[in-house]
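The values are calculated or read from the model by the stated rules, or taken from the named source; none is laboratory data. Keep in mind that what you see is a predicted model, and the values were worked out from it rather than measured. Cβ placement follows ideal geometry from the backbone for every residue including glycine, while neighbour counts extend to all protein chains displayed. Please note that ligands, DNA and RNA were not included when accessible areas were found on the heavy atoms of the full protein model with its side chains. Shrake-Rupley method; radii C 1.70, N 1.55, O 1.52, S 1.80 Å.
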Amino acid sequence: MSWEIGYDTNWHRDIGYGVPSICDHPGCGAEIHRGLAHVCGGEPYGGDRGCGLYFCAAHLRLHERLPKLCCRCSPRARTPFSPTTDLPAWIEHKLTDESWAAWRAEHPEFAAEHSRKITP
Ligand SMILES: [Zn+2]
Ligand SMILES: [Zn+2]
């Protein structure tokens, strides 16, 4: 699987630059994607120092000897932010796009859970 779309088994959500998202900083709301440019820790799942959540440029700190980190991980806080929920557009993409057909066949519970919310 390329990094366009992957799955984060730590936070249990889809990641990769193909996944539209919003910044995981509380109250931010900036639209980003879950690609390497936005991950805290500089690598998928966050590496040694990061939490592996995804932030906009304003909420990632640059360090000389460390990867980009969010303001929780930068001083080694133990409690990461809570991840934002998936965008409705992304859930709808997974529910309807052909490229997710095989995945949907393996995860019928996803459609059962979300189709109700999207089409009332
Ligand atoms: Zn972090
Ligand atoms: Zn932000």
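This table checks each residue for (1) part of a loop (DSSP other than H, G, I, E, B); (2) in the same structural domain as HIS107 (by TED's automatic domain parsing); (3) open to solvent by less than 40 Å² (accessible area, probe 1.4 Å).
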residue	(1), (2), (3)
GLY18	no, no, yes
ALA37	no, no, no
ARG72	yes, no, no
GLU92	no, yes, no
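Take the residues in segment 74-90 that are open to solvent by 60 Å² or more (accessible area, probe 1.4 Å) and of a type outside the set (Val, Ile, Thr), then tell me which one is nearest to ligand 2 (Cβ to nearest atom). Write out each step before concluding.
Within segment 74-90, the first condition is being open to solvent by 60 Å² or more (accessible area, probe 1.4 Å), and the residues that meet it are 75-76, 78-79, 82, 85, 88-89.
Next, only the ones that are of a type outside the set (Val, Ile, Thr) stay: 75-76, 78, 82, 88-89.
Working: PRO75: 18, ARG76: 20, ARG78: 21, SER82: 14, PRO88: 19, ALA89: 18 Å.
Going through the qualifying residues, I end up with SER82.
So for segment 102-110 (the condition being assigned by TED's automatic domain parsing to the domain that holds GLY6, of a type in the set (A, V, I, L, M, F, W, C) and open to solvent by less than 90 Å² (accessible area, probe 1.4 Å)), does at least one residue qualify? Quick ask: steps written out before the conclusion?
Looking only at segment 102-110, we keep the residues that are assigned by TED's automatic domain parsing to the domain that holds GLY6, and these are none.
No, segment 102-110 contains no residue that is assigned by TED's automatic domain parsing to the domain that holds GLY6, of a type in the set (A, V, I, L, M, F, W, C) and open to solvent by less than 90 Å² (accessible area, probe 1.4 Å).
So which residues in segment 39-50 are assigned to a helix (DSSP H, G or I), without any contact (Cβ under 8 Å) to a residue 40 or more places away in the chain and of a type outside the set (Ser, Thr, Tyr), if there are any at all? I'd like the intermediate steps shown before the answer.
As a first pass, look at segment 39-50 and keep what is assigned to a helix (DSSP H, G or I): 44-46.
Cutting the leftovers down to without any contact (Cβ under 8 Å) to a residue 40 or more places away in the chain gives us 45-46.
Correct list: GLY46 only.
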